[in-house]
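Undergrad: Before I ask anything, let me first share the structure, which is written out below as structure tokens.
The values are calculated or read from the model by the stated rules, or taken from the named source; none is laboratory data. Model, not experiment: these values are computed from the prediction. Quick reminder, even Gly has a Cβ in these numbers, built from the backbone with ideal geometry, and neighbours come from all protein chains shown. For accessibility, only protein heavy atoms count, side chains too; no ligands or nucleic acids. Shrake-Rupley method; radii C 1.70, N 1.55, O 1.52, S 1.80 Å.
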Amino acid sequence: MERVLCVVIGYAFGLIETGYIYGKFKHTDIREHGSGNAGTTNALRTFGAKGGAITFIGDFFKAVIALLVVGLIFANAAEPVKLYQMYAALGVILGHDFPVYMGFKGGKGIASSAGALVVVSPIAAVIGLACFVVIVAVSRYVSLGSIVGTIVLTVAFFVTGYMGFLVEPGQALIEMYVIMGVLAALALIKHRSNIVRLVKGCENKLNLHGKSEIS
């Protein structure tokens, strides 16, 4: 029951679609522009640098806050708090990617995943984010940075778990590994069209003026 509650709490926070809400203040439905995605890069494409930054910050910190709330609620639980926070992270990503009030069409969960992992595994999060920044800086493909960053972050998460930086080896760690695998799979599935375009060589590159592909 505790695990389900954590997912529900996370999902509620995930429903705060920053790009969509920001667009409403601009009298614009982000879903009707660019890729139709509610994530950071389409916000950058649609609203410019300010809109993209606000969207990233909002989506990042809604995950951070959700996990901190769960941490407070289950601070004295018998099982590791980080396990419950991983279930909350799953809920946040599900809420962000599949918001019920938007016809289950939201973002791709990269910013929110980064926020969640900063709380649970800051070492893995920093490694993943650093990889993302380097890939985007060199290639100017946001989608490639998101894909490679997700893979690297996942590997780093598993390694830090093996090294004992998450929880003690046991059932809780196994559950956390499974959830991390699901989060990574969701991110890659959400980027499947980007992967196809990258293979074909027709993916759009990041443009400082706001023209970029989805993430």
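Undergrad: In deg cm²/dmol and to the nearest 500, what is the mean residue ellipticity at 222 nm of the chain if only DSSP H runs of at least 4 residues count, each as -39500 (n - 2.57), divided by the residue total?
TA: Counting only the DSSP helices, I get -23000 deg cm²/dmol.
Undergrad: Do you know the relative contact order of region 1-139, to the nearest whole percent, from alpha carbon pairs under 8 angstrom that are 6+ apart?
TA: Reported as a whole number, the value is 31 percent.
Undergrad: Find the eigenvalues of the gyration tensor of the Cα atoms of region 11-103, then list the square roots of 5 times those eigenvalues as equivalent ellipsoid semi-axes, largest first, in whole angstrom.
TA: Numbers: eigenvalues 172, 30, 17 Å².
Semi-axes from the Cα gyration tensor: 29, 12, 9 Å.
Undergrad: Follow-up question, since we're still on this one. Could you tell me how many cubic angstrom of Cα convex hull volume region 103-163 has per residue?
TA: Output value, Cα hull per residue: 81 Å³.
Undergrad: Subtracting the Cα-Cα distance from 0.36 nm times the residue separation, let me have the gained length for A185 to E168 in nm, one decimal.
TA: Taking 0.36 nm per residue and subtracting the Cα distance, the gain is 3.7 nm.
Undergrad: Turning to a different aspect of this structure: In region 121-146, which residues have a backbone nitrogen under 15 Å from the label point lying 7 Å from K205's Cα in the Cα-to-Cβ direction?
TA: Once the point is set 7 Å along Cα→Cβ of K205, 135-145 turn out to lie under 15 Å by backbone N, inside region 121-146.
Undergrad: For region 89-215, compute Rh as the Kirkwood radius over C-alpha pairs and then the Stokes-Einstein diffusion coefficient at 4 °C and 1.567 mPa s; write the answer in µm²/s, rounded to an integer.
TA: Stokes-Einstein gives a translational diffusion coefficient of 85 µm²/s.
Undergrad: Determine the principal axes of the Cα atoms in the chain, then give the extent along each, sorted from largest to smallest and rounded to whole angstroms.
TA: 49, 34, 24
Undergrad: When the chain is modelled as a GNM with alpha-carbon springs shorter than 10 Å, which of N37, N76, N204 fluctuates the most?
TA: N76
Undergrad: How large, in percent, is the carbon and sulfur part of the accessible surface of the chain at a probe radius of 1.4 Å?
TA: C and S fraction of accessible area: 71 percent.
Undergrad: Taking the solvent-accessible surface of protein heavy atoms with a 1.4 Å probe, what is the per residue accessible area of the chain in Å²?
TA: Each residue of the chain exposes 46 Å² on average to a 1.4 Å probe.
Undergrad: Find the eigenvalues of the gyration tensor of the Cα atoms of region 18-57, then list the square roots of 5 times those eigenvalues as equivalent ellipsoid semi-axes, largest first, in whole angstrom.
TA: Ellipsoid half-lengths, sorted descending, are 12, 11, 8 Å.
Undergrad: Here's something else I'd like to know. Based on the Cβ-Cβ distance of V8 and V138, what FRET efficiency does E = 1/(1 + (r/R0)^6) give at R0 = 35 Å, to the nearest 0.05? Don't skip to the answer; put the middle values down first.
TA: Details: r = 40 Å, r/R0 = 1.15.
So, using R0 = 35 Å, E works out to roughly 0.30.
Undergrad: Further, regarding this structure: Considering the convex hull of the alpha carbon atoms of region 36-89, report its projected area averaged over all viewing directions, in nm², one decimal.
TA: Mean projected area for region 36-89: 4.0 nm², to one decimal.
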